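Notes follow the structure.
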Amino acid sequence: MASLPYAATIFLSSFLLFLVQPIIAMQILPWFGGSAAVWTTCLVFFQSVLLAGYAYADLTHRLGARRQALLHVGLLALSLAFLPILASSGWKPQGDEQPIARILLLLLASIGLPYFLLSTTTPLLQAWYWRRFRSRVPYRLFALSNLASLLALIGFPLLFEPALDLRQLGWMWSFLFAGFVVLCTLTARLSMNGFGTDEVPAAPRAAPLSMASQLQWLALAAMGSVMLLAVTNHITQNVASVPFLWVLPLALYLGSFILAFDHPRWYVRPLFIAVLVALLPAMAFYVPSLKLHVAVPLYLAGLFVSCMFCHGELARLKPDPLHLTRYYLMISLGGAFGAVLVAILAPLTLPGYFELGIALVLLALLLVLRLRRIFMWGGLAVSVVTALLVMRGVHDYSAGVRVMERDFYGVVRTADHGRPIPYRSMYHGPIMHGGQLLGDSFRNTPADYFGPTSGYGRVFQSLREMRRKQPLSVGILGLGAGVVAAWMRPGDALVFYEISPRVVDIARREFTFLADTPARTELVMGDGRLSLEREPPRSYDLLGIDAFSGDSIPMHLVTREAMAVYLKHIKPDGVIVFQATNRFINLLPVVRRLAGEFGLEAVNVADVPDAEEGPEYWYSSTDQIIVTRNKALLAWPRIAEAAQPIEDRRELPTFTDSHHNLLRILK
């Protein structure tokens, strides 16, 4: 029973530590375009502050128990000034800010001190525990802390997110944190009374730590962190950046910590090494694959086995409890270092998404270093095979590419194709997002997702026929190659909203749509929804929602609040066109429900071109949803002949900024 206050405080602190991560990330995700990089940047902050917390525990250990506890209680009282943890709207970007730095500063201002103090709890209280009960080893408290973290992560998408909105979640967390402050203060008082002196009680000296041991801790912790972020990036950039897909990899990562540090029986070393040897080449083979129904389960399984190897080896190397704070400090340093490598260094230095392949090669080499004798040669062979498969994937990803550039919002590539007629395509992530037919005879001709029989094409042609000689006012969220500009005529006004400076630069350098359009064209930088929120009503005839990267859906663009913003900017008889083409997510019922809630009609135009020759070869299959009150437009022959009703799924709730369940709309 004497250990109960320590266990309870560690459990609550770890629960709050990981519950706040998706809460604050969800608050700020729409402000930065719903990009997958928002979560990985948040992980850099979380890992870095965790490192600072462990460093604090290690450094203040020298103060003695009483002075350390008094200092900690003072900081706990100060942290209450940060409550409630609700991100201020003053941090919303205006369009030209550096997103990584802004996210890190926003998190520091919103949850900095509370998160720091929660980060200190596990190593600090384990050290206090060891000082009081020297006959007991406190490492199982580390497994308890990870169990609490796992429960918070699983509970968020399954329990807390469906029941509470973001503001309620922020207040709930704040009340729980205030309770933690009281509990931790009582435990600190108990610890001071238990020691009765400022001096650390005498104990046998432990053997000094070698630098080699500390570097091994660092490397194993960093490798687990790198795999976590690289796999999370790979999944979210192709599906959607939503809490469930953040939580699942992180839960596997934490689960491996729980098993590895609970008891040696869970890490069956020969078994996990054998499975890792089989999975490394398989994961390397599927790096460039678009078969996510195979790749996602493979990478989630691979992540768990990789982390079991890294954390199981870490547990085997744990030192005497007297070096406990240094051990956790090195683990935290490795975690932060791995996060920085993937979330910050990779986007700044790598032109494409190559970090997962690099991580697999490094993991294979780390495996070699942990093997002995003849097994080392087997590991070396696996490393060579893994490296060759990764290089093959890099070659496939880069083959025929004219331009490959990267920023916070993704990787943009262009490639030329010679047959059946010359064509230049733009890829955002792994998916083609527009392109241009080459040659003077096809100059300024719409193709790809915007051909004459697509939803966009039919709407533009119908509006021209219904309003002869009347100019159009058009807004498009998402520039891509700028293909929509090909539908414009003299007198029209066209506004593109684009968050990625890299996309704008490549659209201007590689394609001629922006230069050739006869319309008055405006380019607004920043998240399209935030830009529309700031602007006065635009009175658009057509507003297009096409701001998607790869197959990833920025969910904040398909919520009730977003629809209200869109309606503010269209004419009473205006039309909204949603690009719903996606291999994994069915947006049709989501948009249908939103339209019905605002008294609009919604129909889908499914275009499936099958030409094998001519320019039509480059027309893509599309699903584009037309949303409007304009019954005459929906009845116009070009639209009526292709429009398909959308089934209303009554069990599907309306998506809001606070509530949107991706699992219900997976194909």
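No lab work stands behind these numbers, since they all come straight from the coordinates. Note that this is a predicted model, so its numbers are computed, not measured. Virtual Cβ from ideal backbone geometry, glycine too; neighbours counted across all protein chains shown.
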Protection-proxy order for peptides 42-48, 412-418, 373-379, each taking the mean of Cβ atoms within 10 Å per residue, highest first: 42-48, 412-418, 373-379
Using distinct alpha-carbon pairs, which all enter the 1/r mean, Kirkwood radius of the chain in Å: 26.8
Dipole magnitude of the chain, debye to nearest 20 (Cβ charges: Lys/Arg +1, Asp/Glu -1, about Cα centre): 1900
Lysine pair count for the chain [Cα-Cα under 28 Å; pairs on different chains or 8 or more apart]: 8
Ranked packing of 319-325, 151-157, 288-294, 123-129, most packed first, by mean Cβ within 10 Å: 123-129, 151-157, 319-325, 288-294
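Using a ≥ b ≥ c from the Cα gyration tensor of region 316-374 (square roots of the eigenvalues), is it rounded, prolate or oblate, where a/c under 1.5 gives rounded and otherwise the larger of a/b and b/c decides, a/b for prolate?
oblate
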Using alpha carbons only: equivalent-ellipsoid semi-axes of region 143-192, gyration tensor based, whole Å: 26, 16, 5
Rough spin-label spacing in nm, given labels placed 7 Å along Cα→Cβ, for Ser213 and Arg316: 1.6
Estimated translational D of region 210-399 in µm²/s (Stokes, Kirkwood radius over Cα pairs; 20 °C; 1.002 mPa s): 127
Once the Cα gyration tensor of region 1-198 is diagonalised, semi-axes √(5λ) in Å: 32, 17, 14
